[in-house]
Amino acid sequence: MENKIFVIWLACMVLVSGCLTETAKTNETQTGKEYPLTITDDLGRNVTIRAEPERIISTAPSNTEILFALGLGDRIVGVTEYCNWPPEALEKEKIGGFSTVSVEKTVALNPDVVFASDKTGADNIEKLENFGIPVVVLRPKVLEDVLENIELAGKITGTKDKAKGITDSMQNRIDAVKAGAEKSKNKPRVFFAVSGEPLMAAGPETLINNLIEASGGANVFADAQTRYPVISLESVLDRDPEIIITNTRDKHTAIDFDEVAGKGEWQGINAVKNSRMYVIDADIVSRPGPRIVDALEQFAQWIREYGTEDAQK
């Protein structure tokens, strides 16, 4: 009898212990005991976040978009002059541009963490860190990196669940585009014009190159020696792209397609002859944040239209 009572007592103690452990874990999360938190950023640097950030600064429009998507708008105290999305970002204090960050203004805003990019500059990053400010550099190169950056930002700011929801949705959309691309037998030659004067293309190891390939196209300048090569019209003629995409900022396109269509030297290009020239918002295609999937889906639509037209011939 005594043995039975002891067994029952022991079982109860194990159950209570388990409940207490689970409660401790819950309390630990709720009270922020996961901080201080040390993470590795995209430059391979170990950065320690002392407590859940309440005052956040972004030195890149893409970072700003990520932070707002995570629901952190009320914690953002500073952004760059180029941070224009969402509209609420325009109301935030400005701390400079990409590489012209004002260290003085940034320090004065007393941030708990700064989300930077490689364009922020090593000198500026070092100066901020000398003031004891943690600086996390995000530098995604492909779509998968963008998802990882969003989840990293969520981990740092205590919004992991929100980040996971965003990346799961993005991954589903990316998978759908890739599945459609795999079914297509055609891989149209695509030229992405970053600028018109000088004529510049998106080359290898760029996010745009990744978008072209993931959506089922072949970047005609994927073999360039630099990421954004300045090119000649002759090189475009030689590669004869079947689709040309350019970008626009403030209603001005990098290439004026109406002007191009009227120039004889462009007439020999397949994309010009068949009017497969498209314009995409530069902010969407160049910012590695949640809206990058919008750009991917737009690329996929143009490439799919090309495949449909080609199949009808």
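The values are calculated or read from the model by the stated rules, or taken from the named source; none is laboratory data. From a predicted model like this one, the values you see are computed outputs, not experimental measurements. Glycine gets a Cβ as well: all are built from the backbone with ideal geometry, and neighbour counts include every protein chain shown.
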**Checking residue 249 against (1) at pLDDT below 95; (2) at positive phi, the condition it does not meet** = (2)
**Request:** List the number of the failed condition for residue 244; all other conditions in (1) under 19 Å from residue 295 (Cα atoms); (2) of a type in the set (A, V, I, L, M, F, W, C); (3) assigned to a loop (DSSP other than H, G, I, E, B) hold.
**Result:** (3)
**Complete:** Checked pairs for segment 172-190, first under 21 Å from residue 243 (Cα atoms), second assigned to a helix (DSSP H, G or I) and of a type in the set (Lys, Arg), C-beta under 9 Å and 6 or more apart or across chains, list as 180/304; 181/304; 184/304; 189/239
**Asked** How many residues does segment 211-232 contain that are buried (at least 23 other Cβ atoms within 10 Å of the Cβ) and in contact (Cβ under 8 Å) with a residue 60 or more places away in the chain?
**Response** 5
**Fill in**
If we keep only residues of segment 146-177 that are in contact with a Lys or Arg (Cβ under 8 Å, 6 or more places away or on another chain) and not aliphatic (A, V, I, L, M), then the residue surrounded by the fewest Cβ atoms within 10 Å (Cβ to Cβ) is 151
**Item:** Which listed residue is modelled with pLDDT of 95 or more and within 15 Å of residue 289 (Cα to Cα), from 37, 70, 43, 109
**Value:** 70
**Request:** Hey, could you check segment 233-276 for residues that are closer than 24 Å to residue 213 by Cβ and among the charged types (D, E, K, R) and say which is surrounded by the fewest Cβ atoms within 10 Å (Cβ to Cβ)?
**Result:** 238
**Complete:** Taking segment 145-163 and keeping residues within 25 Å of residue 215 (Cβ to Cβ), among the charged types (D, E, K, R) and free of Cβ contacts under 8 Å to residues at least 40 places away in the same chain leaves 148, 151
**Message:** Out of 224, 254, 295, 271, I need the residue that is modelled with pLDDT under 95 and either in contact with a strand residue (DSSP E or B) (Cβ under 8 Å, 6 or more places away or on another chain) or among the hydroxyl-bearing types (Ser, Thr, Tyr) (or both). Which one?
**Reply:** 254
**Asked** Which numbered condition trips up residue 189, out of (1) surrounded by 22 or more Cβ atoms within 10 Å (Cβ to Cβ); (2) in the same structural domain as residue 295 (by TED's automatic domain parsing)?
**Response** (1)
**Request:** Please determine, by comparing only the residues of segment 125-142 that are in contact (Cβ under 8 Å) with a residue 40 or more places away in the chain and surrounded by 21 or more Cβ atoms within 10 Å (Cβ to Cβ), which one is nearest to residue 206 (Cα to Cα).
**Result:** 138
